[in-house]
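The values are calculated or read from the model by the stated rules, or taken from the named source; none is laboratory data. Keep in mind that what you see is a predicted model, and the values were worked out from it rather than measured. Every residue, glycine as well, gets a Cβ built from its backbone with ideal geometry; the counts of neighbours run over all protein chains shown.
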Amino acid sequence: MPDFRAYAPHATADAREIRLGPEESHHLIAVNRCSRGDPVVAFDGRGREWHCTCADAAKSGATLAVQATHQAAALPHAVTLGQALPKGATMDEIVRQATELGAVRVAPLQSERTQVHLDAGRAEKKVEKWRTAAVEAAKQCGNPWVPEVAPLQTLETLLATTAHDFDLKLVASLHAGAKPLREVVQQFRATKGMAPKRILWLVGPEGDFSPAEMTACVMAGAVPVTLGPLVLRCDTAAVAALSVLGYELGSL
């Protein structure tokens, strides 16, 4: 894979030339030091890639000459991470790692124990920042699919609006009775005769979901799953949840 990748969400499928915007051009040319003639892979975040050479290394508007086009196969499992907001900039890193681990969607959640409270304006800016983080991570790891980052919503709203969107819903839990993920996946396969395709993974904030929220998750059909006997930071829990799920489904 070439060292250079560029995000081109508006490029057409049959493009023979791709002109990058000022911000993307600056990052490719000034930051990454791409020069004329260097190989570059442009991608639209929806699975399409254009294998190119840099035809014009202008920092304000680089031009790529397309050599070949490739459409990546759809991901075998569509995993949505429903992540309650952590403190500080931790959500930025969660989005990056979710991108690296192949999540198709990240749904930031406001929960009872969330310590960060954002008004509408700040929430919108944060979501845009997280979307940028997803693109940056996709460039770095070579993922042709950029996960959707949904607007900030409450856990209650997510559960109410996605009632029939998933084959399997999971919630990370420290409570007694939480099942190992392998057992849950094996039971699904035995019952349905196939692996789940659309999965929701819910991960709480610092202090976890409240008992009332955990009950709401279970009532909405989410299976409490243990990530081990130790109490994990919410960002560690998110990575562990996606990693173990990917392993059990055979996609990692």
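Of the residues that make up segment 23-32, is at least one β-branched (Val, Ile, Thr) and closer than 30 Å to MET214 by Cβ? Scanning segment 23-32, I find no residue that is β-branched (Val, Ile, Thr) and closer than 30 Å to MET214 by Cβ, so the answer is no. Quick one: would you say ARG36 is closer than 30 Å to VAL185 by Cα and outside the structural domain of GLN97 (by TED's automatic domain parsing)? In short, no. Taking strands (runs of 3 or more DSSP E) as the structural unit, those lying wholly within segment 5-95 and holding at least 1 residues that are over 22 Å from the mean Cα position of the chain (by Cα) and farther than 30 Å from HIS117 by Cβ correspond to 17-19, 39-43, 48-56, 63-71. Which pairs have Cβ atoms under 6 Å, sit 6 or more apart or on different chains, and link a residue in segment 144-156 that is farther than 18 Å from LEU242 by Cβ to one that is modelled with pLDDT under 95 and in a strand (DSSP E or B)? Matching pairs, first to second residue: THR154/GLN110. Candidates in segment 101-151 are the residues that are surrounded by fewer than 20 Cβ atoms within 10 Å (Cβ to Cβ), under 24 Å from PHE209 (Cβ atoms) and of a type in the set (S, T, N, Q); of these, the one that is modelled with the lowest pLDDT is GLN115. The sole residue among THR63, THR90 that is touching a Lys or Arg at 6+ places or on another chain (Cβ under 9 Å), of a type in the set (Ser, Thr, Tyr), assigned by TED's automatic domain parsing to the domain that holds ARG189 and farther than 15 Å from ARG5 by Cβ is THR90.
One residue stands out among those in segment 8-38 that are more than 12 Å from ASP56 (Cα to Cα) and among the polar types (S, T, N, Q): the one that is surrounded by the fewest Cβ atoms within 10 Å (Cβ to Cβ), which is THR12. Taking segment 96-136 as the range and being among the hydrophobic types (A, V, I, L, M, F, W, C), out of contact with any Lys or Arg (no Cβ under 8 Å at 6 or more places or on another chain) and part of a helix (DSSP H, G or I) as the test, the residues that pass are ALA98, ALA120, ALA123, VAL127, TRP130, VAL135.
If the condition is being farther than 15 Å from ARG198 by Cβ and either out of contact with any strand residue (DSSP E or B) (no Cβ under 8 Å at 6 or more places or on another chain) or exposed (fewer than 15 other Cβ atoms within 10 Å of the Cβ) (or both), then segment 160-178 contributes ALA160, HIS175, ALA176, GLY177.
Give the residue, chosen from ARG189, ARG182, that is over 23 Å from ARG48 (Cα atoms), free of Cβ contacts under 8 Å to residues at least 24 places away in the same chain and assigned by TED's automatic domain parsing to the domain that holds LEU109. Outline the logic, then answer.
Working: ARG182 fails: free of Cβ contacts under 8 Å to residues at least 24 places away in the same chain.
Going through ARG189, ARG182 in turn, just one is over 23 Å from ARG48 (Cα atoms), free of Cβ contacts under 8 Å to residues at least 24 places away in the same chain and assigned by TED's automatic domain parsing to the domain that holds LEU109: ARG189.
Restricting segment 194-212 to residues that are surrounded by fewer than 22 Cβ atoms within 10 Å (Cβ to Cβ) and in contact with a Gly (Cβ under 9 Å, 6 or more places away or on another chain) leaves a set whose member that is farthest from ALA89 (Cα to Cα) is ALA195.
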